[in-house]
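Everything below concerns the one structure shown next.
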Amino acid sequence: MGQQAINIKSQLILHYYVFQKTIQKYLTDWKDKIDGKKIEKGYIIHPEWIKEWKKIIDYNNLKTNYLDYFNLESTNINEDQRLLIKQHLEPVFKDYKKISYNHTKDLLPISDNLLSLEYLENFCDEKTYNLFNANAEVEKIEYIFKKKMLFFFCKANNIIKIIIYNENKNNIINLKYIFYNINVYNHFVSMFEKKSSDKILDYLIKKKDILNIKKYASHNQKTNKINYNLIYEGENSNLNINEITKNGNKINDNDSKLNSSMNQSEFSLLDNYENNNEISLSLNEKKTENEITENKKKKGKNEDNNKESLPEDNIIAVNFHSGDNRINRPIACKINNSFSKVEEKLYNEYPGVENDIDYFLVNGIQINRLSTLEENNIKDGDTIIICLKDTDTDTPCK
């Protein structure tokens, strides 16, 4: 006797249920999952349409009393599962036709939303969307699963959204890349598609330290134009804790600290691409070592003689930060100090580091080391980015 096929409406419920379970597994219980290797097509369906569809078919009842007991991990079901669906699910399934939903709000682009597991109930793969045949407002996107992460690639506005599940806090971390160069966007898409979840997490959380820095701006060293902003949008704790399995690998405190065995070169191609070759020095910067030394002495004497009596409100603090996190140090100085004098304070605290430094940035602009802080438009609380030789130029922003 041949197998009796399940009907189209049951196929839809099966595909939707399995895909939602896949999302949950990758984000909250990833121990038996492997990183996705290929970017897929997906759809965000208007939340009001999904809500109405679930209401009509009584989806929550079907899920709790039937689907959760069928041990479904894939849409490739075995004969026992097929019989369970035919005998138990289809008789209680409530059919639906064209859905009329309250279109009270426009569908916001996924790039503008702070995503939660609940919001991802509106997200489906291409096969499920085709079975829906929905008369609803939708957003077509591309995505890829990595262990602990889900990536959304929004070509229309050159944005990449990344969500990461933090098991320690039972919440979703939202990150967003905003690109201003299509070639850089395409390069990152390719890199995130190819790299493993562990290496991506090392890059984002350890090397970029995005959860603490909150925002980066990466600049093209030739044009000084912004390549992209990387933004930590925050955390969304809108989770159904009862559905979260507790026995996955944890993102714990040790994961947030630098691992001595981390391969620093894994993203070297990406970092070198951001650099887009070395920046050309201006004529003012092309000085011999003797000229620089002499100017330092002259400016130092002038400052000592004329500016030591500056009022207290002209004393500021700036924070020096290196891309490798070796240096993260506030230094007090006066706005009429030459930058080279402030450098000396840094070198006194970090002997030998001057040999590794290429140049400095503030607010994305290269600093003239022979000019004063005021002339460089450096203000109290600014972060001075230390650009090391053969490294990128990512800039933490306020």
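Throughout, read-outs are computed from the coordinates displayed, never taken from laboratory work. What you are looking at is a predicted structure, and each value in this text was computed from that prediction instead of being measured. Neighbour counts run over all protein chains shown; Cβ positions are idealised from the backbone, glycine included.
Quick look at the numbers
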{"read-out": "For the range 22-28, Karplus couplings with θ = phi - 60° (6.51, -1.76, 1.60), whole Hz, Gly/Pro x", "value": "5, 4, 4, 5, 4, 8, 10"}
{"read-out": "Amide H contacts of ASN171 (H built 1.01 Å from N, under 5 Å, at least 5 apart or other chain)", "value": "ASN166"}
{"read-out": "Order of TYR26, TYR101 - criterion: other Cβ atoms within 10 Å of each residue's Cβ, fewest first", "value": "TYR101, TYR26"}
{"read-out": "The range 1-117, relative contact order [Cα under 8 Å, separation at least 6], %", "value": "42 percent"}
{"read-out": "nm² value of the averaged projected area, convex hull over the Cα atoms of the range 79-155", "value": "7.8 nm²"}
{"read-out": "Calculated from backbone phi, Karplus (6.51, -1.76, 1.60) coupling profile of the range 199-213 in Hz, x at Gly/Pro", "value": "6, 5, 5, 4, 5, 6, 8, 8, 6, 7, 6, 5, 5, 9, 6"}
{"read-out": "Which of SER190, ILE44, PHE70, positive extreme of dipole for the range 8-275 (C-beta unit charges)", "value": "SER190"}
{"read-out": "Euclidean distance of C-alpha centroids, the range 67-93 and the range 170-240, integer Å", "value": "40 Å"}
{"read-out": "Residue pairs, from the table LYS54/LYS140; LYS169/LYS199; LYS194/LYS222; LYS25/LYS63, whose Cα atoms sit over 25 Å apart", "value": "LYS194/LYS222"}
{"read-out": "Part-to-part distance (alpha-carbon centres) for the range 8-56 and the range 315-378, which is given in Å", "value": "50 Å"}
{"read-out": "Length-normalised contact order for the range 8-275 - Cα pairs under 8 Å, 6+ apart - percent", "value": "24 percent"}
{"read-out": "Ranked list, fewest to most other Cβ atoms within 10 Å of each Cβ, for GLU344, GLU48", "value": "GLU344, GLU48"}
{"read-out": "Estimated dipole of the range 1-104 in Debye, rounded to 20 [Cβ of Lys and Arg +1, of Asp and Glu -1, Cα centre]", "value": "300 debye"}
{"read-out": "In order through the range 45-50: 3J(HN,Hα) via Karplus (6.51 cos²θ - 1.76 cosθ + 1.60), integer Hz, x for Gly, Pro", "value": "9, 3, x, 5, 5, 4"}
{"read-out": "Long-range amide H partners of TYR228 with built H, under 5 Å", "value": "TYR180, SER218"}
{"read-out": "Neighbour-count ranking [beta-carbon atoms within 10 angstrom, fewest first] of VAL138, VAL184", "value": "VAL138, VAL184"}
